Structures are given as structure tokens and as C-alpha cells.
């Protein structure tokens, strides 16, 4: 009768009239006998069942009014889609297309309430007589099967054709709907719909709606990046004030994109970077400055002051301030500029942001706050992060070591972000030819050598002035480069090639390598004096196989972020997959895990990763994998099996000891004792 298209809801039948007749027979039989029709799509049949369960009458049901029409306009203007979708509705070209095709373009909220309709006046009048107007609710259970309701339920694009509608009153209509997702959370924030009478059916209606929804999502993504830039600049301004150190800036959904070391060290943020126990809906309800209390290990609790941040009259996030503790450990006065709209903070930092970027040509992109590589609840990662946060506010050089893919550059960026310094400039010493490394680092004057750029080059050190210079693969640096670097670090100044005078620089150097520099020193390939100069603070990032508690945590966070970027629904891992992840040795470390998560997020349409979805080399992984790679522990022993069972139960139940104990069939006190014995409490 008709065929499904991957990702879309329906290909228009080659003979719509005949298809409508056959569908009506199927509809009539179902309404009479409740027998599942074999030729009707599963999402439609499921919707019919929901309508029956809610007691809807297939011959009389019309959509109820959820919001009075005089209130809808205000709700729409405050909706997150208004600023990106309203220009589409007001576009004269779009209006002419809708008039010519006799279609209605619609936006509904996630509750199925119609917020905005544009289209042919006569078609609008016809639709309104069927309660298809602003303010009515078109969820399945309220209005019967329709594209908006099914798209809300299944979170996928779909077209509902004639008698597929539950209500016989709208059998002469065809509607096509596609969800719009928030770029940060992946949650559906609205539905875009194209609806028209049956005789106006168009083969590309659904494709058009999907394209529109993706356009809107891209606009939302661009806005989100803009708002993050404003928040980052606001963070810089607040933390540069004397005493204002225990501060974090949160996105509209509540995710921290930047936080001071003190704020991070208090562990008020969960693994996803959100304030513990604070929901998105609670944040949305905040109107003015609000205080909340979060329990801490000391038992006294921590007081956090939350204030909405506005930009151009719209809320874009929050600034969270940790209040001074009773013993005076920290003090955080925040003198925020009040917005004239809504009582939130406002900051027009775009001009300053553009200026800072143009003056730092050759630097890496702005810090985005994506430090997923170094998330972890394992004791070893907690130690790493504790050292990193303590050293962040000092100018001391830092040497980061670890296998490839462990997240050395991510940790370097995190240290830089927590330090509040200026630009972050990265150089891969192994990627720059030996003969060019000195000029790359220290720059050159115009005409300094044959082939030099006419205007000269300032060099990475000068580009990083006031900020951080990250030297990756430092173990591959040439002897000439090592000697020049040592002089720059000792004297705090550089001399560009062809220059007559030295230039003072204020640069914090962070280096990284996957080599054993002590062995390189002994072999005569690395200067001993430079080695001691660089490793004032030495942080070793462990391989992923030594962070078994973190593997599933990282996988879930990668999947959450990637699916949000793709505009798709959430994706979790099954308990069996979680266990295989813990057993696998991960020779490529966190980078290998992230790449696998990208592949899974793109390829899987369901909501859970199963064992069958994994590559063969991971499916056959066993407990001995990690032992073979030298990981410590008691792999394969009864004690390790018990430990893994406990960790799995805790993860399945969100860390609840009571629920995990019931899952394991032991007393809560026994589980607490075992956790203490294993060093997990």
C-alpha cells in the first residue's frame, strides 16, 4: 500500500485515492473489532490503541483547547523556537508557497499545543472548524492519531495520511511533522508540521518539514554557541574581580561550561557538569536571584547563589556563586549588573570576544568546556584532578604524561580554563619540521630568511602572551629547539629570528608526551636541565584500563553529547555492554572509546546499545584482557567478580545503595561494609 523511508514516516502512495479507500477499510475494521490491521504501520496502530485506552470516540473526537487564544501569542514569544522560527513564518516567499499549495505551516510545543499557524486563509478557516487552531492540544490521547501527536510520542518525523487519523472528522487531511531538538540536551523542544486537505497532498511534504526542522536546529546550534561565548566572557569578568573565585557559569539547561578551581573542588557538580540535584525544570522556574543548599561531606551543606543571565532580553544561562563558608575558606562577593529585562545578569561581550579572537591569530578555538575525557569518579582520576585544580592558578610549568589517547591536551585545556589566563596556543612539536620549529615558536622579522612571510611572524610564544602555551609531543623536540626553549623559560624572553632585541613574554608552559622522558635523558636524546625545568609539576594520566569505574560513565557522557550534536534522542548502554566495556583493555584509551561512541551514536536507531551492536573485537573481550596489558588488580578472582557486580548494580540504579542492595539480594548494611572494604566509600 505504501512504503516506509529510513528516518522518514511515509512515501506518498502512487495512487492516493485507492490507498485511502483501503486504509478506510482497515480503520473501520479496527474500530469495530479492535483487531490489529496487518497493512497499517506500527506507530499508527500503537496510536490507535492509545486513543482507545483513553476512551476517545473515533466519530466525535476533536482537539481540546489547552490555552486560550489570547494567551498563545505571549507563550509563543517566550518559546525557545520563536526567534529562529518566526522569521520563516514572516517570509513572503514562504507565505506565497503556502498559499499556492493550500498548506498550513505549524509549530507546536512538546506538549502538542499549537503555537503558530501560517497559510492559506480558506484552509485555515477549514482547519479551525476542526479545532486545528492556536491553543488546541494535538497529543494522541487528546485529539486522536495525528502527525504532531505521533511525532511527540516517537520523537521521529512522520506523515499521517487520511484514514490513518483516529478521528473520522479529519480523514480528508494529510499532515507531516518533524521534531526539533535542543542542540545541547537532545530533548525535543517543538514540532514543525505541514498540514493540508487530502487533495493538496504533495510527495515532498515530509521532506520539506524535515529540512525545515534541521534548519531550525542549525540556527539553535549557532545561537547556543553565541550564548556560550557570552557566558565565557562573563565568567572571565566575574573571576577577574578581587575575591570572586568560587564561580561557575551554566548554560540554559544547567550545564557548567566554566568553573573556578574552588567551585570544582567542592564537588557540587555531578559527572555531567550539572549542579547535583538541580533539574532543568527547576532552573527554568527561577525568575530572580535564588539560593539553594547542596549537602557536602562535612554535613553543613554548601550555599550556592544562582542568578539568571540574559542577553538581548533572553535568558541564556546562569551564574552560580559559592557563598563563603563559616570558617572563611572562601569568599565570593559577586556584584552583578542587573538587566532591565527580567532581573537577570546581562553582558554584551560580543565585540570584546571578536577582538580577542582577531588578536590571537593562530591560537586554538575558544575553550568550550568539553572536558569529558577527564571525567571520572575513580580514585586515580580524582587525584589527577585535585592536583590539576591546585596548580591551575599558579604560573608553574606542568608536564603531562600518559599513553596516547588518555586526554593530555584536554587536561591542559582544563588547567588553562581554570587558570583564567588569556589565550591558549597549542603546538605539536612532532608535526613541525625540525628546521622550522625555532621560528614557529619564537617568530621572525620580515626578510629574516629566504621563504619567510613578507610581514614576518610573531611566533607561538608571543601569540600566547598572557596565556598558556601547550607543547604537545615535547619528547620529539629537536636538540636546537630544546636549547632555545630552555633559554626562553629561564629568561622569560624570546628573540625572534632577524630581531635585534629580545621581547619579554608572560607565558605559562604546559608540555605533554607519551614517552618516558627520564629514559630519553639517559639515552642522551633529551636535555636533563630542560627536563627538570619542565616537570616542576608532573601529572600522569592513567590508561583507561586502570580506570574501570570510569569507563561506563565516560561512554554514557560521550553518547549523550554526540546524540545531542546529531539532534537525536538519548542512547544508553545495556548492562551486558557495560560489563564488556569494563573487561575490554582499550589500547587506544579514551580516544578509542569516544570514536566507538561516535560510530554507535550514528548507526543505532534504538535507545539502547546491545552486545550485537559492538565490534567483534570488543564482544569477545574477557576478564584476562586487562591482566595481559599489565593492569593491577585481581582480575578473574571471586573478589573482582563481586566488585564488578556491585559497581554494575550501583550504576544501574543511579548510585542508590538501597536499590543496589535490593538488586543484589543483600542487606544495605552489608553493601555499605563491602563498599568500605573495597575503598569505594
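Can you tell me which residue is surrounded by the most Cβ atoms within 10 Å (Cβ to Cβ) among those in region 1-54 that are modelled with pLDDT of 80 or more, closer than 22 Å to residue 605 by Cβ and touching a strand residue (DSSP E or B) at 6+ places or on another chain (Cβ under 8 Å)?
44
Six or more apart or on different chains, Cβ under 9 Å: which pairs go from a residue in region 538-562 that's in the same structural domain as residue 601 (by TED's automatic domain parsing) and without any contact (Cβ under 8 Å) to a residue 60 or more places away in the chain to one that's outside any helix (DSSP H, G or I) and surrounded by fewer than 21 Cβ atoms within 10 Å (Cβ to Cβ)? Could you list them?
Cβ pairs passing all conditions: 556/271; 556/272; 556/572; 559/570; 559/572; 562/568.
Yes/no per residue for (1) touching a helix residue (DSSP H, G or I) at 6+ places or on another chain (Cβ under 6 Å); (2) more than 19 Å from residue 172 (Cα to Cα):
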position: 17; (1), (2): no, no
position: 25; (1), (2): no, no
position: 32; (1), (2): no, yes
position: 35; (1), (2): no, yes
position: 49; (1), (2): no, yes
position: 59; (1), (2): yes, no
position: 65; (1), (2): no, yes
position: 69; (1), (2): no, yes
position: 73; (1), (2): no, yes
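Would you call residue 148 under 26 Å from residue 48 (Cα atoms) and either surrounded by fewer than 24 Cβ atoms within 10 Å (Cβ to Cβ) or not assigned by TED's automatic domain parsing to the domain that holds residue 605 (or both)?
Working: under 26 Å from residue 48 (Cα atoms): yes; either surrounded by fewer than 24 Cβ atoms within 10 Å (Cβ to Cβ) or not assigned by TED's automatic domain parsing to the domain that holds residue 605 (or both): yes.
Yes: the conditions hold for residue 148.
If residue 106 satisfies every condition in (1) within 30 Å of residue 313 (Cβ to Cβ); (2) modelled with pLDDT under 90; (3) surrounded by 14 or more Cβ atoms within 10 Å (Cβ to Cβ) but one, which is the exception?
Among (1) within 30 Å of residue 313 (Cβ to Cβ); (2) modelled with pLDDT under 90; (3) surrounded by 14 or more Cβ atoms within 10 Å (Cβ to Cβ), residue 106 violates only (2).
So which residues in region 414-442 are closer than 30 Å to residue 238 by Cβ, in a strand (DSSP E or B) and in contact with a helix residue (DSSP H, G or I) (Cβ under 6 Å, 6 or more places away or on another chain)?
The initial filter retains those residues of region 414-442 that are closer than 30 Å to residue 238 by Cβ, namely 414-426.
With the extra rule that they be in a strand (DSSP E or B), the set shrinks to 424-426.
Within region 414-442, 424, 425 qualify.
How many residues does region 198-207 hold that are surrounded by fewer than 19 Cβ atoms within 10 Å (Cβ to Cβ) and either in contact (Cβ under 8 Å) with a residue 60 or more places away in the chain or in a loop (DSSP other than H, G, I, E, B) (or both)?
Adding up the residues that qualify gives 6.
Within the group 476, 550, 516, which residue is surrounded by fewer than 19 Cβ atoms within 10 Å (Cβ to Cβ), farther than 20 Å from residue 392 by Cα, at pLDDT 85 or above and within 39 Å of the chain's Cα centre (by Cα)?
On the way: 476 fails: surrounded by fewer than 19 Cβ atoms within 10 Å (Cβ to Cβ); 550 fails: surrounded by fewer than 19 Cβ atoms within 10 Å (Cβ to Cβ).
None of the others qualify; the one that does is 516.
Within region 385-403, how many residues are touching a helix residue (DSSP H, G or I) at 6+ places or on another chain (Cβ under 8 Å) and modelled with pLDDT under 90? Outline the logic, then answer.
Pass one, region 385-403, residues touching a helix residue (DSSP H, G or I) at 6+ places or on another chain (Cβ under 8 Å): 385-386, 388-393, 397-403.
Checking which are modelled with pLDDT under 90 leaves us with 385-386, 388-393.
Final tally of qualifying residues: 8.
Quick check on region 367-384: of everything there that is assigned to a loop (DSSP other than H, G, I, E, B) and closer than 15 Å to residue 412 by Cβ, which residue is modelled with the highest pLDDT?
Applying the first criterion (assigned to a loop (DSSP other than H, G, I, E, B)) to region 367-384 yields 367-371, 375-378.
Next, only the ones that are closer than 15 Å to residue 412 by Cβ stay: 367-371.
Working: 367: 32, 368: 37, 369: 41, 370: 44, 371: 50.
Among them, the one singled out is 371.
Of all residues in region 572-596, count the ones that are surrounded by 19 or more Cβ atoms within 10 Å (Cβ to Cβ) and farther than 12 Å from residue 551 by Cα.
Number satisfying all stated conditions: 1.
Are any residues in region 519-547 in a strand (DSSP E or B), within 28 Å of the chain's Cα centre (by Cα) and crowded, with 17+ Cβ neighbours inside 10 Å, and if so, which ones? Can you show your working first?
The initial filter retains those residues of region 519-547 that are in a strand (DSSP E or B), namely 537-540.
Imposing the further condition that a residue be within 28 Å of the chain's Cα centre (by Cα) reduces the set to 539-540.
The one that is in a strand (DSSP E or B), within 28 Å of the chain's Cα centre (by Cα) and crowded, with 17+ Cβ neighbours inside 10 Å: 539.
Is it the case, given these coordinates, that residue 214 is under 30 Å from residue 63 (Cβ atoms), modelled with pLDDT of 85 or more and touching a strand residue (DSSP E or B) at 6+ places or on another chain (Cβ under 9 Å)?
On the way: under 30 Å from residue 63 (Cβ atoms): yes; modelled with pLDDT of 85 or more: yes; touching a strand residue (DSSP E or B) at 6+ places or on another chain (Cβ under 9 Å): yes.
In short, yes.
Restricting attention to region 459-473, and to residues there that are more than 20 Å from residue 417 (Cβ to Cβ) and touching a helix residue (DSSP H, G or I) at 6+ places or on another chain (Cβ under 9 Å), which single residue is modelled with the highest pLDDT? It would help to see each step written out before you state the result.
Our first condition is that a residue be more than 20 Å from residue 417 (Cβ to Cβ); within region 459-473, this holds for 459, 461-462, 473.
Checking the rest, the ones that are also touching a helix residue (DSSP H, G or I) at 6+ places or on another chain (Cβ under 9 Å) come to 459, 461-462.
Working: 459: 82, 461: 88, 462: 85.
Applying the filter and picking the extreme gives 461.
Which of the residues that make up region 133-160 are under 12 Å from residue 195 (Cβ atoms) and touching a helix residue (DSSP H, G or I) at 6+ places or on another chain (Cβ under 8 Å)?
133, 138, 146, 159, 160
One line per residue, one yes/no per condition, for (1) outside the structural domain of residue 102 (by TED's automatic domain parsing); (2) under 19 Å from the mean Cα position of the chain (by Cα); (3) part of a helix (DSSP H, G or I):
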position	(1), (2), (3)
176	no, no, no
179	no, yes, no
196	no, no, no
209	yes, no, yes
218	yes, yes, yes
227	yes, yes, yes
230	yes, yes, yes
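Which one is nearest to the chain's Cα centre (by Cα), of the residues in region 588-602 that are assigned to a helix (DSSP H, G or I) and in contact (Cβ under 8 Å) with a residue 60 or more places away in the chain?
If we filter region 588-602 for residues that are assigned to a helix (DSSP H, G or I), which is where we start, we get 589-602.
Subsequent filtering for residues that are in contact (Cβ under 8 Å) with a residue 60 or more places away in the chain retains 589-592, 594.
Numbers: 589: 21, 590: 17, 591: 17, 592: 19, 594: 13 Å.
Here the answer is 594.
From the list 518, 535, exactly one residue is free of Cβ contacts under 8 Å to residues at least 24 places away in the same chain and out of contact with any helix residue (DSSP H, G or I) (no Cβ under 6 Å at 6 or more places or on another chain). Which is it? Reasoning before the result, please.
Details: 535 fails: free of Cβ contacts under 8 Å to residues at least 24 places away in the same chain.
Result: 518 is the single residue among 518, 535 that is free of Cβ contacts under 8 Å to residues at least 24 places away in the same chain and out of contact with any helix residue (DSSP H, G or I) (no Cβ under 6 Å at 6 or more places or on another chain).
Kindly indicate whether any position in region 89-99 is at pLDDT 90 or above and surrounded by fewer than 15 Cβ atoms within 10 Å (Cβ to Cβ).
No, because not a single residue in region 89-99 is at pLDDT 90 or above and surrounded by fewer than 15 Cβ atoms within 10 Å (Cβ to Cβ).
How many residues are in a loop (DSSP other than H, G, I, E, B) and touching a residue at least 12 places away in the same chain (Cβ under 8 Å) when one looks only at region 27-59? Before the answer, list the steps.
Going through region 27-59, the residues in a loop (DSSP other than H, G, I, E, B) turn out to be 34-41, 54-59.
Still in the running and touching a residue at least 12 places away in the same chain (Cβ under 8 Å): 34, 39-41, 54, 56, 58-59.
Summing the residues that are in a loop (DSSP other than H, G, I, E, B) and touching a residue at least 12 places away in the same chain (Cβ under 8 Å) in region 27-59 gives 8.
I'm told residue 585 meets every condition in (1) assigned to a loop (DSSP other than H, G, I, E, B); (2) within 25 Å of the chain's Cα centre (by Cα); (3) farther than 28 Å from residue 426 by Cα except one. Can you identify the failing condition by its number?
(2)
For residue 434, all conditions in the list (1) at pLDDT 50 or above; (2) in contact with a strand residue (DSSP E or B) (Cβ under 7 Å, 6 or more places away or on another chain) hold save one; what is the number of the exception?
So residue 434 meets the others, but not (2).
Inside region 75-88, can you point out the residues that are crowded, with 17+ Cβ neighbours inside 10 Å and part of a helix (DSSP H, G or I)?
Of everything in region 75-88, those that are crowded, with 17+ Cβ neighbours inside 10 Å and part of a helix (DSSP H, G or I) turn out to be 76, 82, 84, 85, 88.
Given the criteria on the phi > 0 side of the Ramachandran plot, crowded, with 21+ Cβ neighbours inside 10 Å, over 16 Å from the mean Cα position of the chain (by Cα) and not assigned by TED's automatic domain parsing to the domain that holds residue 420, does residue 162 qualify? Explain how you work it out, then say what you get.
Numbers: on the phi > 0 side of the Ramachandran plot: yes; crowded, with 21+ Cβ neighbours inside 10 Å: yes; over 16 Å from the mean Cα position of the chain (by Cα): yes; not assigned by TED's automatic domain parsing to the domain that holds residue 420: yes.
Taking the combined requirement at face value, the residue satisfies it.
Please go through region 407-418 and pick out each residue that is buried (at least 20 other Cβ atoms within 10 Å of the Cβ) and under 17 Å from residue 471 (Cβ atoms).
Taking region 407-418 first, the residues buried (at least 20 other Cβ atoms within 10 Å of the Cβ) are 407-408, 411-418.
Those that are buried (at least 20 other Cβ atoms within 10 Å of the Cβ) and under 17 Å from residue 471 (Cβ atoms): 407, 408, 411, 412, 413, 414, 415, 416.
Looking at (1) more than 30 Å from residue 223 (Cα to Cα); (2) modelled with pLDDT of 85 or more, which is the only condition residue 84 fails?
It fails just one condition, (1).
Select from region 107-138 the residues that are in a loop (DSSP other than H, G, I, E, B) and free of Cβ contacts under 8 Å to residues at least 40 places away in the same chain and list them in ascending order. Break it down stepwise before answering.
Step one: filter region 107-138 for residues in a loop (DSSP other than H, G, I, E, B), giving 109-112, 120, 130-135, 138.
Scanning region 107-138 gives a single hit, 120.
The values are calculated or read from the model by the stated rules, or taken from the named source; none is laboratory data. These numbers come from a predicted model, not from an experiment. Backbone-built Cβ (ideal geometry, glycine too); neighbour counts: all protein chains shown.
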